[in-house]
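The values are calculated or read from the model by the stated rules, or taken from the named source; none is laboratory data. Small disclaimer: the values here were computed from a predicted structure and weren't measured. A quick note on method: Cβ atoms are made from the backbone with ideal geometry, for glycine too, and the neighbour counts reach across all protein chains shown.
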Amino acid sequence: MGVSVPRPGDTLARQERRFALALLAPALLVLLLTTTAPLFYLAWTSLQRIDLGMPWLSGFAGLDNYSKMGADPRFWNSLWLTFVYTGSTVVLQVVIGLSLALLVLQIPRGQGVLRVAAILPIVLAPVVVGLFWRTLVLSPEFGLVDLVTRALGLGSHNWLGDPQLALISVIAIHTWQWTPFAFLVLLATLATLPPDVYEAARLDRASAWQRFIHITLPLARPAIMMVVILRMMTALSAFAAIFAATGGGPGSATEILNLYAYRTSFTELNLGYGAALAMVLLALTLVISYFMFRLRRAR
Amino acid sequence: MSRGAIRRIALWAVAGMLLAVWAFPVIWALLTSFKTERDVLAYPPVWLFKPTLDNYREVIFGTSSILPNLWSSIVVATASTFLTMLIAVPAAYALARLNYPGRKASGFYVLATQMLPPVGLIIPYYLVLQKIGALDTYSGLTAIYLTFSLPFAIWLMVSYFEDVPYEMEEAALLDRAGRLRALWYVILPQVRGGIAVTTVFVFLNAWNEFLFAVVLGGNRVRPVTVAMFNFISVEQTQWARLAAGAMLAMAPVILIGLFAQRHIVKGLTVGAVKGGGRR
Amino acid sequence: MSRSASVRMEGIVKKHGAFTALHGIDLEIRPGEFFALLGPSGSGKTTTLRILAGLEPVNAGRVLMDDADVTHTQPGERDVAMVFQSYALYPHMTVAANIGFPLKMVGKPAHEIDLAVRDAAAKVEIGHLLERKPGQLSGGQQQRCALARAIVRSPRLFLLDEPLSNLDAKLRLETRAELRKLQRSLGVTAVYVTHDQEEAMTIADRMAVFMEGRIVQVGTPHEIFRKPATVAVAGFIGTPPMNLLPASLTAAGVRLGGALLEVAAPGVSGTREVILGVRPGDLRVATAGIPARVEFVEDFGDSSIVNLEVGGQRVKLRAGESPDLAEGREVNLAFDPRAAHLFDRATGQRL
């Protein structure tokens, strides 16, 4: 570069604009191609009947797929499961993560080791985690959990094969993998809270519980909100772990909307309906994130 | 014992329990990978056993070798990480520090693309890739991986760029550097740490990806996450081999996690406090 | 050594959305001058400096340097150097690399850069710190590094944005004098922004006083001190600042607090509402004059400031060592009529 002759009117602002757009263009192009365009295609597909198993039935179907959904009990089941799954894992993660962070904050020497231990679940591939739990942890007779329950006299159970237990197991798996995230972030946040506020509270004779409610929680609120939002996004799009652990089963016991859409599209080869389900999931995600962000910005 | 001491012991007990819960499954898998199939299925569980390398031998050199899968993973993860960083860093710089029309809109757009559930995207991806014959190819899979890597990388890098004082560019411009050289000589060196952390995260995400790998890959390009299912079939589960395969598949990721642990935690906090992120 | 530019700003208007930061600034700076832009926070002085640097666009008006229109020229093309308030040193480069950066950008050969860097560093006495990084330097050393980076390319104009505000008080005083010496030896035109009126008074050849986006007075420090153009300027300049009291002006003199003081007022007919300004150094305790009550005395050892209350307002008087004035005592204040400043109460303008 170096010295360039200034063209009349070639102001700093204009140069900045050109530079910015040049830097941004590749990213925007890629994103448009890989997210926005496919989105339109998905919407279009959801209006079709594409049945790879019975190709002679394919054709434009309008809003058929969506009206079918209304009467589809499996759909409502998956919606319900999605709410239960997302809600319980997020709540568990935040509550456990926060409690653990508070506890660990008081043993500074243990924090190093715990951080290393906490990293492990996070870096593992969710699919591997699902398989681990399915085989080594939750297997009836040989799994870790079964060993413990048998030792405690609670007997052996089919943790992933029993419809009731399967949902709980799957929630446990997700919570196990992602609580460390909440734990680490909240630990770091709590460590940066100003100590003088606490000292002032002590002088004002606030009890530990009061200090928690009135000082810790409000100060940590932005971090907690962000953790909630991020964990929600992960829970809504959780796929690999459940797929590996139960495949959505037994039956539809753990078939959250995500998995229902996948199974419909790639196992039952009903792509049109699968696309419609995916559109509903997308709408759900957008609505939830909109509310969460509004909540975050409020107050 | 004093009240303080009891409290300390209780805290350490909790910490120990945490350690156990989080680390134990991995350690158990590690142990299992050195057992024979018979030892694995023994009850009560065998703690002292004769370790064997048979599982690893089979998983690396045998008929169910996952070496080609490791290779797929390495190629796709590295290529997509490299491409992602190449595109994301300049874009994040523009978003964070430059003024241009549509700045806010493009910021929202990038954020919004992170909200898309992958299940929704694979259907069109599958159909399109099939049409252009890019299914089960390295380039196809790498390109698709950009979908989730790019917004995430941009968002992380934006927060790192925002930490650099704004006068840096101004000083550089007055020093006759011009915009491009200001970015190269003055700004980028100051976000070196952020670039490293972001690269680690992007690589981790790419290595661990399953859904896109299983739907859009095939027999030629089959990352290690998909290969795990080789050891599970309707008839039987090859426990010890699965454990060995999984340990191998997760080795890079675990090593990175252990060595870059401090940076990962910092990255998580930065991402959580300042913006959105996939992990 | 350096060339020195003449600078002219004509009718500069700067807006941020609906808010007008500068309402039409006209300024003329002579070559080699040390020119200060003085004013309270938000008065527009830093904005003016940044416009000179080319870092901000203008909505109207022209900027001329050496009679050439540079209003739309890029910052890098103006041959202007700037020292930022935060110094803006490149933290990842050594001091030597920082100083040499502008020369590297124009492609000077390495050995020339090395010589120039050593030369500049020597001028600000940081030659021994060349291999350190900015993070390892003290505040004062960082400031000198920023200075060296600015002078290394012998620019025609030097811009300084409150360069001393991050230093502690003692260092500030020392560095003030050194800055002045440096500018004199280089002979370069310098424009200096500050909100510290004492600093501007001691260091500048001429200065412009900014208030709310306008220049209210331009002149040498002495001129402005002796004859402030408005009440605002009067209350801003001087330590402690001028006492400003509301009064009435007639042909007979100034009526304040029941006392009548003989102050010559040219061509006044009838009664006029004014503000009377008297410096603390010009006030003295007298047998007759403005009634006042002593509030408290600030003792500085060899001098003191007496704080008094006049009609509900605080008035300060400069006195010698340990004045014999107890708190609560009632006294009268007088002053030399020639030391009075009169301002129209409505407009604030000098009469």
query = Which one of these does A:Leu190 not meet: (1) among the aliphatic types (A, V, I, L, M); (2) outside any helix (DSSP H, G or I); (3) crowded, with 17+ Cβ neighbours inside 10 Å?
reply = (2)
ask   = Among A:Gly274, A:Gly247, which is the only one that is in contact with a helix residue (DSSP H, G or I) (Cβ under 9 Å, 6 or more places away or on another chain), within 30 Å of A:Phe40 (Cβ to Cβ), without any contact (Cβ under 8 Å) to a residue 24 or more places away in the chain and within 12 Å of another protein chain (Cβ to nearest Cβ)?
value = A:Gly274
query = If you scan the range B:222-259, which residues turn out to be buried (at least 20 other Cβ atoms within 10 Å of the Cβ), of a type in the set (Gly, Ala, Ser) and more than 9 Å from every other protein chain (Cβ to nearest Cβ)?
reply = B:Ala227, B:Ala240, B:Ala244, B:Gly245
remark   = Residue hits (the range B:84-100; more than 7 Å from chain A (Cβ to nearest Cβ) and without any contact (Cβ under 8 Å) to a residue 12 or more places away in the chain) are B:Leu86
ask   = Does A:Asn270 meet the test of being polar (S, T, N, Q) and closer than 20 Å to B:Met228 by Cβ?
value = no
key: The listed residue being within 12 Å of chain A (Cβ to nearest Cβ) and among the small types (Gly, Ala, Ser), out of B:Ala153, B:Ala171, B:Ala196   = B:Ala153
note = C:Phe35 vs (1) in contact (Cβ under 8 Å) with a residue 60 or more places away in the chain; (2) of a type outside the set (S, T, N, Q); (3) over 24 Å from C:Arg184 (Cα atoms): all pass except (3)
query = Taking the range B:155-185, which residues are touching a residue at least 24 places away in the same chain (Cβ under 8 Å) and in contact with a Ser or Thr (Cβ under 9 Å, 6 or more places away or on another chain)?
reply = B:Leu156, B:Met157, B:Tyr160
ask   = When you go through A:Leu131, A:Leu138, A:Leu92 one by one, which is the residue that is more than 9 Å from chain B (Cβ to nearest Cβ) and either buried (at least 24 other Cβ atoms within 10 Å of the Cβ) or in contact with a strand residue (DSSP E or B) (Cβ under 8 Å, 6 or more places away or on another chain) (or both)?
value = A:Leu138
ask   = If we only count helices (runs of 4 or more DSSP H) wholly inside the range B:165-279, which ones have 2 or more residues that are among the hydrophobic types (A, V, I, L, M, F, W, C) and modelled with pLDDT of 90 or more?
value = B:167-174, B:192-208, B:211-216, B:224-227, B:239-259
note = Of those in the range A:93-138 that are in contact with a Ser or Thr (Cβ under 7 Å, 6 or more places away or on another chain) and not in a helix (DSSP H, G or I), the residue farthest from B:Gly267 (Cα to Cα) is A:Leu138
Selected residue (only one of B:Thr142, B:Thr81 is within 16 Å of the chain's Cα centre (by Cα), more than 11 Å from chain A (Cβ to nearest Cβ) and over 15 Å from B:Thr199 (Cβ atoms)) = B:Thr142
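Condition check: in a helix (DSSP H, G or I), within 10 Å of another protein chain (Cβ to nearest Cβ) and either touching a residue at least 60 places away in the same chain (Cβ under 8 Å) or within 28 Å of A:Ile168 (Cβ to Cβ) (or both). Does A:Leu281 satisfy that? Talk me through it step by step, then tell me what you get.
Numbers: in a helix (DSSP H, G or I): yes; within 10 Å of another protein chain (Cβ to nearest Cβ): yes; either touching a residue at least 60 places away in the same chain (Cβ under 8 Å) or within 28 Å of A:Ile168 (Cβ to Cβ) (or both): yes.
Considered against the rule, which asks whether it is in a helix (DSSP H, G or I), within 10 Å of another protein chain (Cβ to nearest Cβ) and either touching a residue at least 60 places away in the same chain (Cβ under 8 Å) or within 28 Å of A:Ile168 (Cβ to Cβ) (or both), A:Leu281 comes out as yes.
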inquiry  = Whether any residue in the range B:122-131 is surrounded by 17 or more Cβ atoms within 10 Å (Cβ to Cβ) and more than 11 Å from chain A (Cβ to nearest Cβ) is what I want to check.
reply    = no
message = Condition check: at negative phi, more than 10 Å from chain A (Cβ to nearest Cβ) and either out of contact with any strand residue (DSSP E or B) (no Cβ under 9 Å at 6 or more places or on another chain) or not small (Gly, Ala, Ser) (or both). Does B:Leu67 satisfy that?
response = yes
query = List, please: which pairs have Cβ atoms under 7 Å, are six or more places apart or on different chains, and start with a residue in the range A:16-27 that is within 7 Å of another protein chain (Cβ to nearest Cβ) and end with one that is polar (S, T, N, Q) and in a helix (DSSP H, G or I)?
reply = A:Leu24/B:Ser106
note = Exception for C:Gly257 within (1) of a type outside the set (A, V, I, L, M); (2) within 10 Å of the chain's Cα centre (by Cα); (3) more than 15 Å from C:Gly39 (Cα to Cα) falls at (2)
